[in-house]
């Protein structure tokens, strides 16, 4: 996508349709890809950049790593919104700590009283896949839950 960013939307659509294997995809998949291209072109530049970076990072992962990231994010999204915010804040704080300190904090009484077992498991899962989750810059808001 990045190499076609200087093209107009119709030119990008033609480039997409000219990709090897595109015509062999089911019609529904072809349409979904066209729709995603339109959505991408309608995003503000910063949001588009973040999405492309995330997509590229996911493509670099092995299938088991991708599944691990998806599973951790699925656990996170299953939390109620107010708890998601708390977990996201804790995740940002914990990812800044060295691994031994993370474990100590996760197992602390304070943390156990603040987070349920499910939420602590979700945090552990997110921290396990943390290298695969893009780091947000301070002025961009939470990486998780966007």
- Assuming R0 = 25 Å, can you tell me the calculated FRET efficiency for the pair residue 82 and residue 22, based on Cβ-Cβ distance, to the nearest 0.05? 0.05
- Item | Highest-fluctuation residue, 19, 118, 56 considered, GNM on the chain with Cα pairs under 10 Å | 19
- What is the helix-to-structure angle for 81-95, meaning the angle in degrees between its Cα long axis and the longest Cα principal axis of the chain, kept from 0 to 90 and rounded to the nearest 10? 80
- Subtract the Cα-Cα distance of residue 112 and residue 6 from 0.36 nm times their separation in residues, and report this length gain in nm to one decimal. 33.1 nm
- Query: Relative to the first principal axis of the alpha-carbon coordinates of the chain, what is the inclination of helix 63-77, with its axis defined by its Cα atoms, in degrees from 0 to 90 and to the nearest 10?
  - Reply: 60
- Message: Could you tell me the calculated FRET efficiency between residue 95 and residue 62, based on Cβ-Cβ distance and R0 = 22 angstrom, to the nearest 0.05?
- Response: 0.55
- Between (i) 42, 34, 27; (ii) 58, 31, 27; (iii) 90, 39, 28, which matches Cα extents along the principal axes in Å calculated for the structure shown? (ii)
- Rounded to the nearest 10 degrees, the helix 27-42 long axis (Cα) sits at an angle to the longest Cα principal axis of the chain of 70
- Item | Inter-label distance, nm, simple model (7 Å from Cα along the C-beta direction), residue 70/residue 41 | 2.8
- Item | Centroid-to-centroid separation of the stretch 70-89 and the stretch 7-57 [C-alpha atoms, Å] | 28
- So what's the back-of-envelope 222 nm ellipticity for the chain, counting only DSSP H runs of four-plus at -39500 (n - 2.57) apiece and dividing by all residues, rounded to 500? -20500 deg cm²/dmol
- Task: Sort 91-99, 70-78 for me by packing, meaning the mean count of neighbouring Cβ atoms within 10 Å per residue, highest on top.
- Result: 70-78, 91-99
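Bear in mind these aren't lab numbers, they're just calculated from the coordinates by the rules spelled out. As the structure is a computational prediction, the values presented were derived from the model and not from experiment. Please note: Cβ atoms are built from the backbone with ideal geometry, for glycine as well, and neighbour counts cover all protein chains shown.
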